[in-house]
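Beneath this line is the structure, given in structure tokens, with notes to follow.
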Amino acid sequence: MKTHIIAFFVYTVLSMICIPSYSSDGFLWKVTGNGIAAPSYILGTESTTSIDVAQKINGFHACWNSTSQVMTTCSIPLQETSDENQIMENLRKLGKHKESGTIFMDSITSYEKLYTPQQIAFLDGMITKYMPPLSKIRVVPFYLWSYFQEKEAVMDIDKAEKGKALPDVYHEMMNWMEIALERNAKLEGKSYLSLGNSQDELNAIAEADSLERSYFTVEEQAVIFYQQMRYKGLHPSSSTFDKSLKELYQKNDFELLNSLYTDDDQRLDSLDLPIALKTKLHRINDMKREIVTDNRSMKWLPAILSAIHQKPTLIAVDLKYLLGQNSLINLLRAKGYSVECVYKTSKSCRFGY
């Protein structure tokens with residue numbers, strides 16, 4: 001049970017980074033001009049990657065040492081402890097770990113009625129490792145594909161953490177990028193600012209996740225779920241976007257990032273679905289990005305501008321906020337600031353374009 005709570009907490013964080021966007025090259029950016037007294041910096045983070053990886057980025061230590069203020073997307077003030085009871089209490093307080101995927105039994109409609117016997121046999125063979133068979137599931141008040149992904153992610157994390165002592169798992173979490181940046185800033189006497197809180201993140205995700213339920217009938221959801229699972233069965237080595245993003249950050253491979261977005265679009269296009277459904281799926285992906293990233297980036301901009309005019313600031317935000325038309329980089333440039341890569345490789349710095 002303890003590892004399951006840990007796993008669900010990790011999944012909750014992972015779910016905040018799984019909305020794909022546009023191609024880019026770079027993790028660390030310098031903000032100058034427009035009357036600010038000293039440069040500030042933007043660090044693109046990956047929520048569950050160790051701070052050790054960020055500290056290996058060329059120029060990171062110089063940027064850290066030249067700033068007196070740190071800003072992250074949300075405060076996650078976990079306290080170091082090896083006491084298992086205290087660890088569980090810390091996580092419960094922080095995440096209020098109640099699973100969102102509780103099956104809602106509806107006596108009227110069963111998913112089983114929406115498929116042929118052959119389709120049911122195939123789907124049950126794919127899903128029963130993670131969730132009940134279709135005969136046990138009635139129409140649920142959330143998107144079935146998202147529910148399956150949640151269950152799969154939690155089980156994968158459970159498996160990865162199996163055999164590890166709870167304090168060791170907790171210590172790993174304490175070294176996740178934004179958690180460690182907040183802690184290190186306070187330890188070194190730097191000012192610390194938060195752009196929001198974890199509930200803001202969860203609210204945005206919940207709004208985005210509701211789109212499929214609003215735009216697709218139960219019958220359409222059933223068709224989409226079957227085709228998603230068919231693709232998964234034909235491509236067992238395919239990885240989710242968030243898993244691949246974590247790998248990308250550790251490899252420092254920007255070309256891999258570019259291919260992830262292409263691969264995700266190609267996967268959607270390869271599903272055996274009517275054109276109208278594919279078009280709606282693409283549109284929903286765009287709407288999700290707008291809800292989870294674009295809207296929040298624009299909401300944060302006034303606080304960021306205030307911070308960088310007060311003190312040289314290191315702004316740590318998930319990579320997704322540095323991507324796309326309304327990225328923080330583009331928003332700052334539109335306000336007259338210069339935003340450039342701190343360290344240029346042989347590849348061009350295209351973040352924000």
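The values are calculated or read from the model by the stated rules, or taken from the named source; none is laboratory data. Predicted model only: the values in this text are computed from it and were never measured. Don't worry about glycine lacking a Cβ; one is built from the backbone with ideal geometry, like all the others, and counts go over all protein chains shown.
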Worksheet item: Quick check: anything in the stretch 253-261 farther than 30 Å from K56 by Cα and either at pLDDT 65 or above or hydroxyl-bearing (S, T, Y) (or both)?
Response: no
Fill in: Residues satisfying the stated conditions in the stretch 322-332, i.e. modelled with pLDDT under 85 and either surrounded by 14 or more Cβ atoms within 10 Å (Cβ to Cβ) or touching a Pro at 6+ places or on another chain (Cβ under 6 Å) (or both)
L322, L323, G324, N326
Worksheet, complete the sentence: Scanning the stretch 309-320 residue by residue, the ones that are touching a Phe, Trp or Tyr at 6+ places or on another chain (Cβ under 8 Å) and either part of a helix (DSSP H, G or I) or among the charged types (D, E, K, R) (or both) total 1
Worksheet item: What helices (runs of 4 or more DSSP H) lie completely within the stretch 177-240 and have 3 or more residues being among the aromatic types (F, W, Y) and under 23 Å from Q119 (Cβ atoms)?
Response: 218-234
Practice prompt. Considering every residue within the stretch 309-321, establish whether at least one is aliphatic (A, V, I, L, M), modelled with pLDDT under 90, buried (at least 24 other Cβ atoms within 10 Å of the Cβ) and within 10 Å of G44 (Cβ to Cβ).
Written response: no
Worksheet item: Quick check, is K243 among the basic types (K, R) and either crowded, with 20+ Cβ neighbours inside 10 Å or modelled with pLDDT of 85 or more (or both)?
Response: no
Worksheet item: In the set R283, R289, which member is loosely packed, with under 13 Cβ neighbours inside 10 Å and either small (G, A, S) or part of a helix (DSSP H, G or I) (or both)?
Response: R283
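Okay, residues lined up against (1) buried (at least 18 other Cβ atoms within 10 Å of the Cβ); (2) within 30 Å of L268 (Cα to Cα); (3) at pLDDT 80 or above:
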{"site": "N175", "(1), (2), (3)": "no, no, yes"}
{"site": "E178", "(1), (2), (3)": "yes, no, yes"}
{"site": "L181", "(1), (2), (3)": "yes, no, yes"}
{"site": "N184", "(1), (2), (3)": "no, no, yes"}
{"site": "L193", "(1), (2), (3)": "yes, no, yes"}
{"site": "F216", "(1), (2), (3)": "yes, yes, yes"}
Worksheet item: Consider H171 against the criteria (1) assigned to a helix (DSSP H, G or I); (2) under 19 Å from the mean Cα position of the chain (by Cα): it satisfies all of them except one. Which criterion is unmet?
Response: (2)
Fill in: Contacts under 7 angstrom Cβ, first residue in the stretch 164-181 being touching a residue at least 24 places away in the same chain (Cβ under 8 Å) and of a type in the set (V, I, T), partner in a loop (DSSP other than H, G, I, E, B) and surrounded by fewer than 20 Cβ atoms within 10 Å (Cβ to Cβ), 6 or more apart
I179/L78
Item to complete: Can you tell me which residue among K335, K299, K278 is farther than 30 Å from S146 by Cβ and either modelled with pLDDT of 85 or more or surrounded by 16 or more Cβ atoms within 10 Å (Cβ to Cβ) (or both)?
Response: K335
